[in-house]
Amino acid sequence: MASLADPATRFTHVAHLAPTPVAERDAVLANPGFGARFTDHMVVIEYSEEHGWHGATVQPYGPIALDPASSVLHYAQEIFEGLKAYRHPDGSMALFRPTANAARFNASARRLAMPELPEDLFIAAINALVLADRDWFPTVEGGSLYLRPFMIATEAFLGVRPAKAYKFIVIASPAGNYFKSGASAVSIWVSDYTRAAPGGTGAAKCGGNYAASLVPTAEAFAKGHDQVLFLDAAEHKWIEELGGMNLFFAFADGSLLTPPLTGTILAGITRDSLIRLARDEGLTVREEPYSLDQWRADAASGQLVEAFACGTAAVVTPVGQVAGRDGSFEIGGGGPGQLTGKLKARLTAIQRGEAPDPHQWVHQIG
Ligand SMILES: *Cc1c(COP(=O)(O)O)cnc(C)c1O
């Protein structure tokens, strides 16, 4: 068995005998959409109690065989990450803050009673996949290669306890600009459902949280909104986050506010990056609780001028309208705001290698 301690011998490469024809791939890359098409390869690493992490391969993308008794299929022992690789103007390829994703993946693993993956192995797996599928970067403006590392419990056992066998897999999907140029503002529905309670799994990036958010999200869509907003579970008063994005509020005095990470909110890497970039600009950023009632009052008085959601997939999305059981209100003019646009431009320029990288966030591949 190849030792995973030695980077040179870590990954066994399994040749792809029938890669996607070039004309078909080019058509995907010209109009990638989001999350519907996948590259030719995937990385798989196995875990067993006896051998630890072993058997790392870069292999053709395709279905995996699972025993029907695998714990993930019954008790949802699953975690994931999401990050993007970018093709820079000089032709190099780069990841944005992959060590932050690796650390968060292990925090999620601890909460879901799963084994941690060494951070350098997490990053080596992503690098290996991007190198294998280097011809899969979208050719459209604002495109990137979206990477989805995840871990599932594969032990065939129906008893309720942490599994003893796992698979770590990385797949990649060419991604376009999530929202076409100019990102129009979204409308959000304040849900009566809750996403995460104190002591629960809200801070872990696990599939189970998403499963629980699907009914509220479908309800928001049915009412004509784009996203769902979750309030805190205890008082149903404090703003937490959207189904998969963190929230920021911008005030007339130039300051920003985002809800604090108290265990029920997912610690977004986009959130953390925007806090640092805003502070670089000399802006005050407060991590403080903010209630829905206060938001409504501040929007009415003009104190609140912009609100936006953020996450890896869409980066920054302005919020234009908020609706719930108690009626609706608009933010600013209902369209994208100035500060929102400026912060988004600052962040994406660093990610795309078009601006200096003062925080060493960009990680070159190859
Ligand atoms: C992934 C995720 C986010 C955003 O995190 P990023 O690291 O910025 O992509 C926010 N909320 C939830 C619930 C998430 O799963």
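The values are calculated or read from the model by the stated rules, or taken from the named source; none is laboratory data. As the structure is a prediction and not an experimental result, all values here were calculated from the model. As a convention, Cβ positions derive from the backbone with ideal geometry for all residues, glycine included, and neighbour counts pool all protein chains shown.
Computed values, structure above
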item: Answer from ALA56, ALA85 - the residue that is small (Gly, Ala, Ser), within 30 Å of PRO358 (Cα to Cα) and either touching a residue at least 40 places away in the same chain (Cβ under 8 Å) or not assigned by TED's automatic domain parsing to the domain that holds ALA204 (or both); result: ALA85
item: Filter pass, GLU235 being on the phi < 0 side of the Ramachandran plot, more than 16 Å from the ligand (Cβ to nearest atom) and part of a helix (DSSP H, G or I); result: no
item: Residue that is nearest to the ligand (Cβ to nearest atom), among those in region 264-303 that are among the small types (Gly, Ala, Ser) and under 23 Å from ILE188 (Cα atoms); result: GLY268
item: Residue list for region 210-220, filter: of a type in the set (S, T, N, Q) and in contact (Cβ under 8 Å) with a residue 40 or more places away in the chain; result: none
item: Within region 195-206, tally of residues that are more than 10 Å from the ligand (Cβ to nearest atom) and surrounded by 15 or more Cβ atoms within 10 Å (Cβ to Cβ); result: 2
item: Some residue of region 298-315 being under 22 Å from LEU231 (Cβ atoms), assigned by TED's automatic domain parsing to the domain that holds TYR193 and at pLDDT below 95; result: yes
item: Matching residues in region 170-193 - criterion: being farther than 15 Å from GLY244 by Cα, among the aliphatic types (A, V, I, L, M) and modelled with pLDDT of 95 or more; result: VAL170, ILE171, ALA172, ALA175
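This table checks each residue for (1) assigned to a helix (DSSP H, G or I); (2) under 20 Å from GLN338 (Cβ atoms).
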| residue | (1), (2) |
| --- | --- |
| ASP272 | yes, no |
| ILE275 | yes, yes |
| ARG286 | no, yes |
| GLN294 | yes, no |
